[in-house]
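The values are calculated or read from the model by the stated rules, or taken from the named source; none is laboratory data. Please read these numbers as outputs of a predicted model, since none were measured by experiment. Don't worry about glycine lacking a Cβ; one is built from the backbone with ideal geometry, like all the others, and counts go over all protein chains shown.
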Amino acid sequence: MDYAQSYEDLEKLFLNELVKNRKFMAALAYMKPNRTAEEMFSYIWSLDEAHRFLTPALLPSSKSKDASCVYCRQGDIAHKLGNLDKALKLYNLAIVSAPHPAIMTGNSSFDKDNTRVLGNVYGDLAQAYMSRSVLLFDMEQYEKCFNDIDRALELDCLPPSQKVKILEIKEKCQKIFLEGKIKELSASEKALNTSQSSFAYVNPMPPKLTECNSAIPCVSSAVTLAYTPLQGRHLTANRGIVPGKCA
């Protein structure tokens, strides 16, 4: 069985090739603290060695319905025995092992036409999502439970009886969400109407910069990224800045 190389393996091959071709010192000299990440990446990607050694080989997916089914059954046993952490790991393995439908480009949703035609192929995936959603509900991970239910239903492969079961759980999740929101609002109103209101602090919006730094867009152009062996990377003012003023 072929295995994909790790990033560390690719990086090691790339650096060895740079040393072999006597380009390592030039690359090292270019990587200065005042360079932007975009500049450094562009330099690295301009090297032939980067394209040859930093491009990972894409291996075909090795999915197995049988493996997914086994993991799911083991997860069910662990769940019944109350070993929730073990059950979660097994359900995760069941989901990873199960065949997956194609993902539409630019959309996180499944290709629904594909799932309707090949519904039986993805039945194990839907079952694994459903089983994990029940476990997540018992673990009080209601948002994650809600998401798994949607994934299972979106595959449109579950028998009617199982659909009814997880729709009931979904309804319970929605009720818990609503009750939680009401409690949050009540707690917020209570805090604002008591002597503790001074602690109900909301972070103010950051001031708008007059001019952004070209190298670091989130800071002002009034500062420059500098480097010294003693201080390392640090910011220095390149013009007079009045205390409290947004430069």
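Pairs meeting the criteria (first residue in segment 15-41 and in the same structural domain as Y227 (by TED's automatic domain parsing) and under 28 Å from H234 (Cβ atoms), second residue surrounded by 13 or more Cβ atoms within 10 Å (Cβ to Cβ) and polar (S, T, N, Q), beta carbons under 9 Å, at least 6 apart or on different chains) are lacking.
Residues that are part of a loop (DSSP other than H, G, I, E, B) and touching a helix residue (DSSP H, G or I) at 6+ places or on another chain (Cβ under 8 Å) were ranked within segment 6-34; the one that is surrounded by the most Cβ atoms within 10 Å (Cβ to Cβ) is K23.
Please work out which residue is modelled with the highest pLDDT, limiting yourself to segment 21-42 and to residues that are of a type in the set (K, R) and closer than 20 Å to Q231 by Cα. Please lay out each step first, then the result.
So the first thing to find is which residues in segment 21-42 are of a type in the set (K, R), and the list is 22-23, 32, 35.
Applying the additional criterion that residues be closer than 20 Å to Q231 by Cα yields 32, 35.
Numbers: K32: 87, R35: 90.
The qualifying residue modelled with the highest pLDDT is R35.
Is segment 126-145 home to any residue that is at pLDDT below 95, in contact with a strand residue (DSSP E or B) (Cβ under 6 Å, 6 or more places away or on another chain) and either surrounded by fewer than 19 Cβ atoms within 10 Å (Cβ to Cβ) or not small (G, A, S) (or both)? Among the residues of segment 126-145, not one is at pLDDT below 95, in contact with a strand residue (DSSP E or B) (Cβ under 6 Å, 6 or more places away or on another chain) and either surrounded by fewer than 19 Cβ atoms within 10 Å (Cβ to Cβ) or not small (G, A, S) (or both), which makes the answer no. Contact annotation: residue pairs with Cβ atoms under 9 Å, 6 or more positions apart or on different chains, pairing a residue in segment 218-230 that is part of a strand (DSSP E or B) with a partner that is among the acidic types (D, E), are S220/E211. When the residues of segment 154-169 are filtered to those that are surrounded by fewer than 19 Cβ atoms within 10 Å (Cβ to Cβ) and closer than 22 Å to P101 by Cβ, the one that is modelled with the lowest pLDDT is D156.
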